[in-house]
Amino acid sequence: MMFDRSIKIAPSILSADFANFGQEIQAIEAQGADWVHVDVMDGHFVPNLTFGPMAVKAFRPHVKTVMDVHLMISPVDQYIDAYADAGADVLTAHIEAGPHIHRTLQAIRGAGMKAGVALNPGTPAEAVEHLLELTDLICVMTVNPGFGGQKYIDMTAKVRKLRAMIGDRDVHVEIDGGMDVNTAPLMAEAGADVLVAGSAVFRGGSVDTPEVYGENIRNIRAAAEGAA
Ligand code: DX5
Ligand code: ZN
């Protein structure tokens, strides 16, 4: 995985057809997705439940780009090896998920993956100040995690602060929640480079009409690039 700061669109398969993940992943990649965002929820850290390492491992052969796994689970550490084995390229844990995020990030890198740290809307940018050397991606939540299709919560000031803290380090700034043609430009302008979008990518399309996914992806990208 080479580092670059260009705008990357990462569709969240949380909004895909859950009975057809393989074809859905192939369709979004064929239609221009840069990364594939995989939302893991445990019904404990967040009030919703999705899938675990066995499902993620089954997705892997379909993902030709980057498999970006967002863990909304607590605890995290005992599952890190299972997600490495499942083939995650990026593994992101929430800073709010436990008392030892520093150890978690070390363990994720130790298992051979890029290490991401996610921040809920109520968590300040300063929370990652002492983690920057251990981190490859900071995920700024612009909704409270747990569900797709929620209303965007503005985090422009937090993203600007993070970009300044990161400086020239190779750390991605990812935005997750409520990204569409109206909100993506705000985040790109503030300094984000990875834009997760679930409902705004999958809306109106299906594996039988994948060109709709393509149009949605192109529209979000064009809006963001116009602002970056
Ligand atoms: C929310 C998830 C997001 C979600 C985004 O907990 O982490 O990745 O799928 O969905 P939209 O783009 O619909 O807000
Ligand atoms: Zn996510």
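No lab work stands behind these numbers, since they all come straight from the coordinates. Note that the coordinates shown come from a computational prediction; the quantities given were computed from them, not determined experimentally. Virtual Cβ from ideal backbone geometry, glycine too; neighbours counted across all protein chains shown.
Brief remarks on what is shown
- Gyration tensor verdict on the range 86-166 (Cα atoms; rounded if a/c is under 1.5, prolate if a/b is larger than b/c, oblate otherwise): oblate
- Among beta bridges that DSSP assigns inside the chain, antiparallel share in %, nearest 5: 5
- Percent of alpha-carbon pairs separated by more than 20 Å within the range 1-101: 37
- A Gaussian network model of the chain, with springs between Cα atoms under 10 Å, assigns the largest mean-square fluctuation among GLU24, GLU133, GLU174 to GLU133.
- Inter-part distance where the range 164-224 and the range 105-141 are each reduced to a Cα centre, Å: 20
- Dividing the helix sum by the residues of the chain, where each DSSP H run of 4 or more adds -39500 (n - 2.57), gives a mean residue ellipticity at 222 nm of -9000 deg cm²/dmol.
- DSSP beta bridge pairing in the range 1-102, given as percent antiparallel to the nearest 5: 10
- Of GLY167, ALA184, ILE220, farthest towards positive along the dipole that unit charges on Lys, Arg, Asp, Glu beta carbons give the chain: GLY167
- Cα pair distances exceeding 21 angstrom across the chain, given as percent: 50
- P(r) weight above 19 Å for the range 98-228, C-alpha pairs, percent: 52
- Averaging Cα coordinates gives a centre for the range 46-61 and one for the range 3-18; these two points are 16 Å apart.
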